[in-house]
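A.B. asks: This is the structure I want to talk about, given as structure tokens.
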């Protein structure tokens, strides 16, 4: 009986030993993959180390303009920002090099010359000439100068004209059509070493432009081209431009001018279409308010407008029952918002994007513009602000959802940043904050501003407004404030497979 019991135990044990040996040999002779398991999470972000911005208006024919740049806040470590002309090569000598973060710097740019003769585009749509243009500036920043970088184009008279954007593959612009402006120009800047090709889809209040899209616009490396669109937009009252690249990246910009010989206005790029978009920065100054809305696709939009004002959120007069055909761009007057500091929230059953035009601006400008923008992440920076000398600057801060707490820091060209001011914006409200009145930054009459939402806050939207000083001052400039990141988000990796190869 004992021998029988022992054999019953030893037989299965022998099988186990044999199987283990076979499995061991298999591991030696073949690759083995271990099943996925939870790993230690890597960092979710890394410090920004390289940023490129392009400024189309700098260096064009006309008075010398300037680039205003700041990397905020001041951070430790070496950094360099080079301001260089576009000259068709990667070896352009810098006009200025900036190495200190946390300070406002200016770089004057004289006109490079006149525009070259027109060259036809490789377009399958309407015959829109594409002209290689002399002008344009690129800012390349690395190290500490890449963290929180903001660059803006400044007129000869010290008026902010437009932001200098980063290269991308998709841009939207919405604004007045040719009925109210004499010239509409599209600028495409290629700051990289790879040739780019862009497509432009155009819609007006009459629907999609016949023959659109304009395809295959070649943009050589380190170069800029321009298209004059007014001839194909005859009698349009509203226009929407969707610029996409099929190869490479560009910076797209649109300039509108009411008469020849004037500087006109640069339309801010609008957020990609969504079912809810927000336009920040409507100031308290009186004047007309004109909303321009684009509806891509074929389905009509049923639109609802909400003003997020200093007195709360409400639907302004004339903002109900708005139905807009798909594939079109329309203009909507909003006279009831004159003198009301606010952000404008658009809700729709289909994706839309928009801009708003207010009375004001420089010579030849149809007005001043804000556009649909994203909420601030980490921080927002405005490079160039003015106070005194006949100008006043302010922020219009809006919390369309939950309440917001934020810090506002002013930064000058010399010395440390001023003491941060903490502000509170109630849920569903806007707040106007005057700039340039707090000491400590040594900014004089020009300075930068950093806006930092604090932990636990809802979404924050901001617009910077410059007006002529005094009661009833004219609006000179509006910028929807964009995020200026010091860190780059990294994709989250929680699970992985490990492969062993002999």
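The values are calculated or read from the model by the stated rules, or taken from the named source; none is laboratory data. Fair warning: this is a prediction, and the values are worked out from it, not measured in the lab. Don't worry about glycine lacking a Cβ; one is built from the backbone with ideal geometry, like all the others, and counts go over all protein chains shown.
A.B. asks: For residue 455, work out the one condition from (1) modelled with pLDDT of 95 or more; (2) in a strand (DSSP E or B); (3) under 25 Å from residue 48 (Cβ atoms) it doesn't fulfil.
C.D. replies: Going through (1) modelled with pLDDT of 95 or more; (2) in a strand (DSSP E or B); (3) under 25 Å from residue 48 (Cβ atoms) one by one, residue 455 breaks only (2).
A.B. asks: Of the residues that sit in region 207-228 and are modelled with pLDDT of 95 or more, outside any strand (DSSP E or B) and at negative phi, which one is surrounded by the fewest Cβ atoms within 10 Å (Cβ to Cβ)?
C.D. replies: Only one residue tops the list, namely 220.
A.B. asks: Within region 86-113, count every residue that is part of a strand (DSSP E or B), over 26 Å from residue 386 (Cβ atoms) and touching a residue at least 40 places away in the same chain (Cβ under 8 Å).
C.D. replies: Of the residues in region 86-113, 0 are part of a strand (DSSP E or B), over 26 Å from residue 386 (Cβ atoms) and touching a residue at least 40 places away in the same chain (Cβ under 8 Å).
A.B. asks: Could you check residue 407 against (1) surrounded by 23 or more Cβ atoms within 10 Å (Cβ to Cβ); (2) more than 19 Å from residue 273 (Cβ to Cβ) and say which number it fails?
C.D. replies: Failed condition: (1).
A.B. asks: Given the criteria closer than 30 Å to residue 451 by Cα, touching a residue at least 40 places away in the same chain (Cβ under 8 Å) and in a strand (DSSP E or B), does residue 152 qualify?
C.D. replies: Taking the combined requirement at face value, the residue satisfies it.
A.B. asks: One residue is enough: does region 425-433 have a residue meeting the conditions at pLDDT below 90 and exposed (fewer than 14 other Cβ atoms within 10 Å of the Cβ)?
C.D. replies: Taking every residue of region 425-433 in turn, none turns out to be at pLDDT below 90 and exposed (fewer than 14 other Cβ atoms within 10 Å of the Cβ).
A.B. asks: Just to be sure, is residue 464 free of Cβ contacts under 8 Å to residues at least 24 places away in the same chain, assigned to a strand (DSSP E or B) and under 23 Å from residue 345 (Cβ atoms)?
C.D. replies: no
A.B. asks: Please find, among 462, 392, 399, 417, the residue that is touching a strand residue (DSSP E or B) at 6+ places or on another chain (Cβ under 8 Å), at pLDDT below 95, crowded, with 21+ Cβ neighbours inside 10 Å and within 27 Å of residue 289 (Cα to Cα).
C.D. replies: Answer to the check: 392.
A.B. asks: Considering only region 184-197, how many residues are over 10 Å from residue 227 (Cβ atoms) and assigned to a strand (DSSP E or B)?
C.D. replies: 4
A.B. asks: Of all residues in region 383-420, count the ones that are outside any loop (DSSP other than H, G, I, E, B) and over 24 Å from residue 309 (Cβ atoms).
C.D. replies: 8
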